[in-house]
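What follows is a short report on a single structure.
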Amino acid sequence: MTGICTGRVAAVTGAGRGLGRAHALALAAEGAAVVVNDLGVTADGAGASGGPAQQVVEEIRAHGGQAVAHTGDITTDDGARSLVTTALDTFGRLDALVNNAGFLRDRMLVNLAEEDWDAVMRVHLKGHFLPLKHAAAHWRAEAKAGRTPDARVINTSSGAGLLGSVGQGNYSAAKAGILGLTLVAAAELGRYGIQVNALAPAARTRMTEQTFADTMAAPTDGDFDAMAPENVSPLVVWLASADSAGVTGRVFEAEGGRITVMEGWRPGPTADKGARWTPSEAGETTRKLLTESEPARPVYGA
């Protein structure tokens, strides 16, 4: 296979189903060798099975590509380290990491159990940090040995992380944390030849069955399927390729045929008294600034 990722090796977490599977197949179609990571859990994180990862590997190989399954738990130090060593032992290199693994434990905040908070934080936020840490450690060692890599990390956030989502306080907080992690990683790791970006995708997956209940069904008349996870993958492939040189520390939304560069928190209207405000002055000034600012976008589900 030839394409914009020919000769590159990519590891994709949570690649047994949904968006991760679409990313793995798209990377392979563009010439990448792929480490397909998936623990094979249910939509809420229960159980485990090696089947989903191996099925994607077989699908890639059936189309002439190269792939290997990795069923380690990337929320553990050993599991994340073995993801990197699997790439190195099998293909001799690692060029891109796509952090995608996740599950949901949705509850309103007053009903959200500590266990469900911790579980979602573990798989989304810790499950991004540990693979990133071990991949970056390898690439830093390469750079220090005079072999500066052309490395890429693509993290997966969500609209919930950008705006919040009713009933998903744990998920929204984790996905917002991934954005902060992305910005720090991009700043720290650029000197070693590593680019780090984040994606907030919207697509039809097990995790979005309720969120996109009205638009989940795929069209049957040949029309463009705007909610297909495969629509998101071309941007992931480009970000994982050498063609994306110079793009780092950015956040993108991708849905259907739309790609948006997200601009995040930027200073808006401001006032500086040059001295301490009284509470009433602070309140009066703040209300005036709010009338001059862009209205806040509503939280999903509000």
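Derivation of every value follows stated rules applied to the coordinates shown; laboratory data play no part. Note that the structure is predicted; figures quoted are calculated from it, not measured. Glycine gets a Cβ as well: all are built from the backbone with ideal geometry, and neighbour counts include every protein chain shown.
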Evaluate the relative contact order of the chain (contact order divided by residue number), counting alpha-carbon pairs under 8 angstrom at least 6 apart; express in whole percent.
17 percent
Excluding residues on the same chain fewer than 8 positions from residue 175, give the lysines whose Cα lies under 25 Å from its Cα.
126, 133
Mind listing P(r) for the stretch 60-166? All alpha-carbon pairs, 10 Å bins, whole percents.
13, 37, 29, 16, 5, 0
Whole-Hz ³J(HN,Hα) for each residue in the stretch 238-253, computed from phi via Karplus 6.51 cos²θ - 1.76 cosθ + 1.60 with θ = phi - 60°, x for glycine and proline: what do you get?
5, 5, 7, 8, 5, 5, 8, 3, x, 9, 7, x, 10, 10, 10, 9
For the chain, the Cα convex hull volume per residue in Å³ comes to 171 Å³
Hey, could you get me the Stokes-Einstein D for the stretch 54-109, Kirkwood radius over alpha-carbon pairs, 37 °C and 0.692 mPa s, rounded to whole µm² s⁻¹?
247 µm²/s
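For the stretch 234-302, what does the convex hull of the Cα positions come to per residue, in cubic angstrom? Numbers along the way, then the final one.
Numbers: hull volume 11.0 nm³, N = 69.
Cα convex hull per residue, to the nearest whole number: 159 Å³.
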Once amide hydrogens are built 1.01 Å from N within the peptide plane, the residues lying 5 or more places from residue 200 or on another chain with amide H under 5 Å from its amide H are 157, 252, 253, 254
Considering only C-alpha atoms, what is the centroid distance from the stretch 151-181 to the stretch 232-296, in Å?
15 Å
Could you check which residue among 30, 263, 59 shows the biggest mean-square fluctuation in a GNM of the chain with a 10 Å Cα cutoff?
263
Report, in degrees rounded to the nearest 10, the 0 to 90 angle that the Cα long axis of helix 51-62 makes with the longest principal axis of the chain.
60 degrees
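Where does each of 264-271, 13-20 land if you order them by average Cβ count within 10 Å, highest first? It would help to have the intermediate numbers written out before the result.
Working: 264-271: 8.9, 13-20: 27.5.
Going by the mean number of other Cβ atoms within 10 Å, highest first, we get 13-20, 264-271.
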